[in-house]
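Notes for the one structure printed next.
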Amino acid sequence: MEDALSADVDIAEPLEATAVSLPGIELAEALHHHQYPALVRFLLLHGASWPEAQDAAQDAFTQMCAPGLSITHPRAWLRTVAWRSWVRQQVKLEETCEEMPESQISLHWQTPAQAAEMGEEERRVIALLLQLPAKQRAAMAWHLDGFTTEESARAMGTTQAAVRQNLTRARAALKTGLRLEGHFEQAERKV
């Protein structure tokens, strides 16, 4: 619990308007409406189920309200704390692991509104994302949320080269899964 409460997630984030440290409870009130859905989506892309993502996101906002906590980069802090909360949900107390657990592949996390808005192609992409290895899925989730490779590497506790490699592999797997490579070759032959 201590690591989740530490506000020193050292991520310099150009996506955030301010680098001034603010009290956590003020940030939670200001960010909850806008960041909660984005945080849930971030966790879903990691492979969390809908209830797990909601629980972990809410846990992050709850931890943000801890007395005396002040946060400089709230978006990165929220994602890191929510991800850790989700991983804790996956690991039983008697288990120990150095790697994050593989998720159970499930596409049953959509709310009725999301299911109505989500097209067939988007469902295919999400299904492919959930089949990626955990590190590739994590790198892609941070990337899709607008973080740089440097920010992602710091948050994931790895190197920028590893993040770039995992992104490259994830993109290649998605292209193959969506059969995009054949479309590009056919388009080149026509030209």
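The values are calculated or read from the model by the stated rules, or taken from the named source; none is laboratory data. Model, not experiment: these values are computed from the prediction. Glycine gets a Cβ as well: all are built from the backbone with ideal geometry, and neighbour counts include every protein chain shown. Calculation scope for accessible area: heavy atoms of the full protein, side chains included, ligands and nucleic acids excluded. Shrake-Rupley method; radii C 1.70, N 1.55, O 1.52, S 1.80 Å.
Helices (runs of 4 or more DSSP H) wholly in segment 74-167 with at least 3 residues that are closer than 14 Å to residue 53 by Cα, open to solvent by less than 30 Å² (accessible area, probe 1.4 Å) and modelled with pLDDT of 60 or more - which ones? Step through it out loud before you land on a result.
Numbers: elements: 74-90, 112-117, 120-131, 134-144, 149-156.
Helices (runs of 4 or more DSSP H) meeting the threshold: 74-90.
In segment 39-73, how many are touching a strand residue (DSSP E or B) at 6+ places or on another chain (Cβ under 8 Å), buried (at least 24 other Cβ atoms within 10 Å of the Cβ) and of a type outside the set (A, V, I, L, M, F, W, C)?
0
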